[in-house]
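Undergrad: The structure follows.
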Ligand SMILES: [Mg+2]
């Protein structure tokens, strides 16, 4: 990650916090590799604040859960490989799978990607590895 990107991330991530809180969090955040969950929450916070009109939602099928809950959710239609975000516009349907830098799609995620994109040219699948990837993707698809 370039120093410019780190500065931008810090400014966004720590805006509104006191100096002491932000310094402590900044040091902790920069000492660890960025996790998918961090990217995920950052994107959602940004969407809620900046693009609340988007029809976008998270499919919560990746969190640890007990066997009874997993069984119930499976019977209700939760399927492995479903992407982290789905969003829809008048011009297309978008599946966004989030991955920490270096992460790869699982076989079930690859299968979902194949099925989704086989639906036609209006069905798009994007693997997003950072908040900046998400921002750039929205710019690219002009949404
Ligand atoms: Mg993911």
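Undergrad: Any chance segment 89-105 includes a residue that's at pLDDT 95 or above, touching a strand residue (DSSP E or B) at 6+ places or on another chain (Cβ under 8 Å), part of a strand (DSSP E or B) and exposed (fewer than 15 other Cβ atoms within 10 Å of the Cβ)?
TA: Checking segment 89-105: not a single residue is at pLDDT 95 or above, touching a strand residue (DSSP E or B) at 6+ places or on another chain (Cβ under 8 Å), part of a strand (DSSP E or B) and exposed (fewer than 15 other Cβ atoms within 10 Å of the Cβ).
Undergrad: Against the condition in a helix (DSSP H, G or I), within 11 Å of the ligand (Cβ to nearest atom) and either at pLDDT 95 or above or touching a helix residue (DSSP H, G or I) at 6+ places or on another chain (Cβ under 8 Å) (or both), how does residue 39 come out, does it pass? Even if it seems obvious, please write down each step before you answer.
TA: On the way: in a helix (DSSP H, G or I): yes; within 11 Å of the ligand (Cβ to nearest atom): yes; either at pLDDT 95 or above or touching a helix residue (DSSP H, G or I) at 6+ places or on another chain (Cβ under 8 Å) (or both): yes.
Yes, satisfied.
Undergrad: Does residue 53 satisfy the criteria of being without any contact (Cβ under 8 Å) to a residue 60 or more places away in the chain, within 13 Å of the ligand (Cβ to nearest atom), more than 16 Å from residue 131 (Cβ to Cβ) and assigned by TED's automatic domain parsing to the domain that holds residue 129? Talk me through it step by step, then tell me what you get.
TA: On the way: without any contact (Cβ under 8 Å) to a residue 60 or more places away in the chain: yes; within 13 Å of the ligand (Cβ to nearest atom): no; more than 16 Å from residue 131 (Cβ to Cβ): yes; assigned by TED's automatic domain parsing to the domain that holds residue 129: yes.
The answer is no for residue 53.
Undergrad: Also, quick follow-up: Specify which of the listed residues (59, 79) is surrounded by fewer than 17 Cβ atoms within 10 Å (Cβ to Cβ), within 11 Å of the chain's Cα centre (by Cα) and modelled with pLDDT under 95. Outline the logic, then answer.
TA: Values: 79 fails: within 11 Å of the chain's Cα centre (by Cα).
One residue alone meets the criteria, 59.
Undergrad: Please find, within segment 109-132, the residue that is surrounded by the most Cβ atoms within 10 Å (Cβ to Cβ) out of those that are in a helix (DSSP H, G or I) and under 18 Å from the mean Cα position of the chain (by Cα). Steps first, answer last, please.
TA: So the first thing to find is which residues in segment 109-132 are in a helix (DSSP H, G or I), and the list is 109-117, 131-132.
Filter again for under 18 Å from the mean Cα position of the chain (by Cα), leaving 109-110, 112-113, 116, 131-132.
Details: 109: 20, 110: 14, 112: 20, 113: 19, 116: 19, 131: 23, 132: 15.
In this case the residue turns out to be 131.
Undergrad: Name the residues in segment 66-88 that are assigned to a loop (DSSP other than H, G, I, E, B), within 16 Å of the ligand (Cβ to nearest atom) and more than 14 Å from residue 113 (Cβ to Cβ), would you?
TA: Restricting attention to segment 66-88, the residues satisfying the condition of being assigned to a loop (DSSP other than H, G, I, E, B) are 66, 77-84.
Then drop every residue that is not within 16 Å of the ligand (Cβ to nearest atom), which leaves 78-84.
Across segment 66-88, the qualifying residue is only 78.
The values are calculated or read from the model by the stated rules, or taken from the named source; none is laboratory data. Please read all numbers here as calculations on a predicted model, not as lab measurements. Reconstructed Cβ throughout: ideal geometry from the backbone, glycine too, with neighbour counts over all protein chains shown.
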